[in-house]
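The values are calculated or read from the model by the stated rules, or taken from the named source; none is laboratory data. Treat the numbers as computed from the prediction; the structure is a model and nothing was measured. For neighbour counting, all protein chains shown are included, and Cβ atoms are generated from backbone atoms with ideal geometry for every residue, glycine included. Keep in mind that these areas ignore ligands, DNA and RNA; they rest on the heavy atoms of the full protein, side chains included. Shrake-Rupley method; radii C 1.70, N 1.55, O 1.52, S 1.80 Å.
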Amino acid sequence: MSSELEIIKQTLREFAAERDWNKFHTPKNLAMALAGEAGELVAEFQWLTPEESQKLTKDQLSAVEMEMADVAIYLIRLADTLDINIYEAAMAKIQINKERFPG
């Protein structure tokens, strides 16, 4: 795992432990929270034309950035609870996609 992802993972571990949230951070709950946050990200683009979605205002971009952070946080936390190396998993999936969809 890259050092930046490792820092985020460790920070999230500590954050959850300090608040006694580990009992709530089951894979099921984290996956559900991740889906909810992904929905909030999608909502930021709802009703925008494709062109508008490529030219977000500063406020829109900030809102998208925060929703993307929420998605990343839950994904990294879920991977950590399942002991999945998200970097290795992503790289493996990219390789599979290269083979499925050759350029």
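Quick look at the values:
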{"quantity": "Protection proxy ranking, peptides 8-21, 71-84, 32-45, average beta carbon neighbours within 10 Å, highest first", "calculated": "71-84, 32-45, 8-21"}
{"quantity": "Approximate shape of the chain as ellipsoid semi-axes (Cα gyration tensor, √5λ), whole Å, largest first", "calculated": "26, 21, 13"}
{"quantity": "Mean Cα-pair separation over length for the chain, i.e. relative contact order, pairs under 8 Å, 6 or more apart, %", "calculated": "44"}
{"quantity": "Net dipole in debye of the chain [+1 Lys, Arg Cβ; -1 Asp, Glu Cβ; about Cα centre; nearest 20]", "calculated": "340"}
{"quantity": "Surface accessible to a 1.4 Å probe, per residue, for the residues of the chain, Å²", "calculated": "75"}
{"quantity": "Share of carbon and sulfur in the accessible heavy-atom surface of the range 25-103 [1.4 Å probe, %]", "calculated": "62"}
{"quantity": "Convex hull projection area averaged over all views, the range 53-103, Cα basis, nm²", "calculated": "5.2"}
{"quantity": "Computed helical MRE - 222 nm, the chain, DSSP H runs ≥ 4 contributing -39500 (n - 2.57), nearest 500", "calculated": "-24000 deg cm²/dmol"}
{"quantity": "FRET efficiency for Q60 and K23, using Cβ-Cβ distance with R0 set to 30 Å, rounded to 0.05", "calculated": "0.25"}
{"quantity": "Cβ-placed point charges (K, R +1; D, E -1), dipole of the range 17-57 about Cα centre in debye, nearest 20", "calculated": "240"}
{"quantity": "Label-point gap, in nm, between D83 and I96 - each point 7 angstrom along Cα→Cβ", "calculated": "2.1"}
